[in-house]
Each structure stands twice: as structure tokens, then as C-alpha cells.
Amino acid sequence: MISVLYVPCGNRDEAESISHKLIEEQLIACANIIPAADSLYMWEGMLEQTQESILLVKTSPEYRGRVMQRIEELHSYSCPCIIEWKIEAVNPAYSKWVHDSLKTEPKPETL
């Protein structure tokens, strides 16, 4: 099983910066950036419409909490959206690559 985290970012540069840090720290195996997405939402009583970049990161379920915490530290938003999708159906070779790309001693999941 792997986890994919969905993270809207303020722009492509921010998504790339977060991705680089997480890969360098071996908390994720890889990231995909969708450079432009229109987002509409209510924030502090006002309807907002902005353009964001969507960051998708792949990791193991055991790393989810650490990855989410690190994204919160690196993200420019005061309340970033970080949503996990647990992927149960994945080809074995890709799953092995994801797990082999991470640090070898994950801490137990606490979140």
C-alpha cells in the first residue's frame, strides 16, 4: 500500500520547493505538480477564487504523519489542505520502489 497526498500550493515554485525538501529528506518517493488549477472557496466569510498548483506526493502510510507535519512547516498557507488517499491497488514493482526510496527506519504513525 502507498499513500498519495493532495496538496494545493500557492504557485508552482512553492510546490517545487516543498517537493525538493521532502525528496531530499527521504520522506516521499516522488511528486507530481499540476501547474495550474482554479480554486474557489469560502475564506473568512468571503468567496475567493485563485489559481493554485496541485502537488501530489507519494509515500508510505507509515510516513503520512511526518510528511503532513513537514508540509505544514514548509507551506505558505496558514491552513493548508493536505488530503491523503490510501492506494491499495498498486503494481508491486512501483510499491517496492516507493518504499525503497524512503528512509529505512520510519517512526510509528502517531496521527
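Please treat every number below as a calculation from the coordinates, not as lab data. From a predicted model like this one, the values you see are computed outputs, not experimental measurements. A quick note on method: Cβ atoms are made from the backbone with ideal geometry, for glycine too, and the neighbour counts reach across all protein chains shown.
Numbers at a glance
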{"read-out": "Values of log10 I(q)/I(0), in the order q = 0.10, 0.11, 0.21 Å⁻¹, for the chain under a Debye, Cα-only, solvent-free model", "value": "-0.30, -0.36, -1.12"}
{"read-out": "Volume in Å³ per residue [convex hull over Cα atoms, computed for the range 1-62]", "value": "100"}
{"read-out": "Qualifying GluC sites (Glu not before Pro) in the range 17-78, DSSP loop, other Cβ atoms within 10 Å at most 10", "value": "E44"}
